[in-house]
Amino acid sequence: MSSTAVLEHGSTPEPDVAESRGRHLGIALTVISAAQLMVVLDGTIVNIAMPHIMTDLGFTQENLSWVVTAYTLAFGGLLLLGGRLGDLFGRRRVFMTGVLLFAAASLLGGLAQTEGMLLGARALQGVGAALASPTALALITTTFPAGPARNRAMGVYAAMSGAGAAVGLILGGALTEVDWRWTMFINVPIGILVATLAPRFLAESPRGDGRVDVPGAVLGTAGLVSLVYGLTNAASDSWTSATTIGTLVAGVLLLGGFLVVEARSPHALMPIRILADRTRGTSFAVMLIVGAAMFAMFYFLGLYIQQVLGYSPLKSGFAFLPFSFGIVVAAQIASTLMTRVDPRWISGSGATLAAVGMFGFSRLDVHSGYTTGLLPWIVTLAVGMGLTFVPMTLTAVAGVASEDSGVASAVLNTMQQVGGALGLATLSTVFANGARDRGAELGAALQAKAASGHLSADQLQAAKHQIALQAQTFGSGHAYLVGSAMILVGAVITFMFLNVKHEVLSSDGHENVHLA
């Protein structure tokens, strides 16, 4: 234990008591981090398994994306409700409920025999994640004393959040080599173990006053689903189609109604006072932007590594391993610097570095290699993300009243999940337009050459395949450029608006980071 830790009456703990408490806090952090890792990695663990799922269950190419979207929509759309339920009915109780529901849904997904069964299981996984994830972060703020102990815990938590997506790709590749269903089954023993240990090492929070804001939950969830669906439809259809315009307008109107209801409700699902603070508002906005770019990066880079570089599922998963290491190391460095350096400089510098890494991906072509063309930018992006996540996670919940900590945590997670869905939908449209234009340009040149009779049938087929790869890489490059610009905007917002003051950590262990 740190020497700053004190007992309730101010006396220093005896060595054996301090050691025991330290072990319990370590196990508590392991339990919370395991649950968070399970929830986050499930957003990407099935990505590499997609071709196998499509073949086994008969998905069409158009419907296959819903394997990811069903989870993301349920997760992002219900996070605010999950955080509020934790505040009202006890965070440990809701945390355990979410973990067990997630494990049960994973078992159902692994046993799925039809499209509808798998999509239903994925949506149910999202519901479980929406209950477990916000309460996990809230349990850190109530379990660990303010100061270095909480900063270290936040560092581990942020590392799990940031690295979970990459770990999911690694596990997805390894498990798909056996059977894609194990990408679902793997969650079952983890969920059972976490739910078993939680009552022993996590303290229950008192129940809050109030009731569930049903109108807010309905409007908020429906608005997010409609908005994300509209953006997703634009990627496959067009921005001018009636479905795209209708769902986007409906989403904006529903979210507008949500804000009106929340401003007037005495039991608001998302109290407006949480967003009103400049520092928290900045943290939420930057997490949405960064989450949008990173989620899309995994999607496009996964396709590039498998389809352009020709890697197997397992090799593709390991290609992301440097990202996991980089983000974990950078997150720990950031948590150490938090007591000495203004978070705006840590996070702003990290976002700038991440933007450079994303820009580097836009320079890839069909002849780029992994070691010289891809690896340097993976490491650059990972370090930047690690430096960004920790300060943003801490400042997003700093200074929040105890009764609002679950909701603040839920808003933070919502920004990441919804940002990921919005980012993938938007950048997929950029990708599709770029790939289509490049493919048409190269296709016209090939058609003219083929008309001259200088190509055999085999040569023509090989040329068409090469054009498809070049068009894909070109479209991805455009998406990376836009993603880089998005992260750079996040860096500028951080430098300009994140307003945090530091105080020297006192011997009584009070919070060392305060909102200005």
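The values are calculated or read from the model by the stated rules, or taken from the named source; none is laboratory data. A quick note: this is a predicted structure, and the numbers were derived from the prediction, not measured. Every residue, glycine among them, receives a Cβ derived from its backbone with ideal geometry; neighbour counts consider all protein chains shown.
Side notes on the structure shown:
- In the set (1) in contact with an Asp or Glu (Cβ under 7 Å, 6 or more places away or on another chain); (2) at positive phi, Gly310 fails one condition alone, (1).
So that you can scan it fast, the table gives a plain yes or no per residue for (1) assigned by TED's automatic domain parsing to the domain that holds Gly384; (2) without any contact (Cβ under 8 Å) to a residue 12 or more places away in the chain; (3) more than 24 Å from the chain's Cα centre (by Cα):
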{"position": "Leu202", "(1), (2), (3)": "yes, no, yes"}
{"position": "Leu219", "(1), (2), (3)": "no, no, no"}
{"position": "Val225", "(1), (2), (3)": "no, no, no"}
{"position": "Tyr229", "(1), (2), (3)": "no, no, no"}
{"position": "Ser241", "(1), (2), (3)": "no, yes, yes"}
{"position": "Val252", "(1), (2), (3)": "no, no, no"}
{"position": "Ala263", "(1), (2), (3)": "no, yes, yes"}
{"position": "Thr282", "(1), (2), (3)": "yes, no, no"}
{"position": "Ala285", "(1), (2), (3)": "yes, no, no"}
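So that you can scan it fast, the table gives a plain yes or no per residue for (1) aliphatic (A, V, I, L, M); (2) out of contact with any strand residue (DSSP E or B) (no Cβ under 8 Å at 6 or more places or on another chain); (3) within 21 Å of Gly291 (Cα to Cα):
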site: Gly317; (1), (2), (3): no, yes, yes
site: Gln332; (1), (2), (3): no, yes, yes
site: Ser362; (1), (2), (3): no, yes, yes
site: Val397; (1), (2), (3): yes, yes, yes
site: Asp404; (1), (2), (3): no, yes, no
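- Out of Val261, Val252, Val194, one residue alone is out of contact with any Lys or Arg (no Cβ under 9 Å at 6 or more places or on another chain), surrounded by fewer than 21 Cβ atoms within 10 Å (Cβ to Cβ) and farther than 18 Å from Leu73 by Cα. It is Val261.
Quick grid of which residues meet (1) of a type outside the set (Val, Ile, Thr); (2) at pLDDT 80 or above; (3) within 18 Å of Val411 (Cα to Cα):
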| site | (1), (2), (3) |
| --- | --- |
| His267 | yes, no, yes |
| Ala285 | yes, yes, yes |
| Ile289 | no, yes, yes |
| Ala296 | yes, no, no |
| Val308 | no, yes, no |
| Lys315 | yes, yes, no |
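- Screening Pro271 against (1) surrounded by fewer than 13 Cβ atoms within 10 Å (Cβ to Cβ); (2) modelled with pLDDT of 75 or more; (3) within 18 Å of Ala408 (Cβ to Cβ) leaves a single unmet condition, (1).
- Within segment 354-377, being in a helix (DSSP H, G or I) and either buried (at least 24 other Cβ atoms within 10 Å of the Cβ) or acidic (Asp, Glu) (or both) holds for Ala354, Ala355, Gly357, Met358, Phe361.
- Scanning segment 318-339 finds no residues that are under 18 Å from Asn499 (Cα atoms), in the same structural domain as Ile45 (by TED's automatic domain parsing), surrounded by 17 or more Cβ atoms within 10 Å (Cβ to Cβ) and out of contact with any helix residue (DSSP H, G or I) (no Cβ under 8 Å at 6 or more places or on another chain).
- Check on Thr135, touching a Leu at 6+ places or on another chain (Cβ under 9 Å), over 30 Å from Phe201 (Cα atoms) and either modelled with pLDDT under 80 or crowded, with 24+ Cβ neighbours inside 10 Å (or both): no
- Inside segment 347-401, residues that are farther than 22 Å from Ser316 by Cβ and among the β-branched types (Val, Ile, Thr) make up a count of 8.
- Taken over segment 378-405, the criterion of being of a type in the set (Gly, Ala, Ser) and not in a loop (DSSP other than H, G, I, E, B) is satisfied by Ala382, Gly384, Gly386, Ala396, Ser402, Ser405.
- Filter pass, Val127 being free of Cβ contacts under 8 Å to residues at least 60 places away in the same chain and under 18 Å from Thr97 (Cβ atoms): yes
- Out of Leu224, Leu219, Leu197, sole residue that is modelled with pLDDT under 85 and in contact with a helix residue (DSSP H, G or I) (Cβ under 7 Å, 6 or more places away or on another chain): Leu224
- Some residue of segment 464-478 being without any contact (Cβ under 8 Å) to a residue 24 or more places away in the chain and assigned by TED's automatic domain parsing to the domain that holds Ser368: yes
- Test: residue in segment 428-451 that is within 28 Å of Val127 (Cα to Cα) and assigned by TED's automatic domain parsing to the domain that holds Ala123: yes
- Yes/no for Thr114 being hydroxyl-bearing (Ser, Thr, Tyr) and modelled with pLDDT of 90 or more: yes
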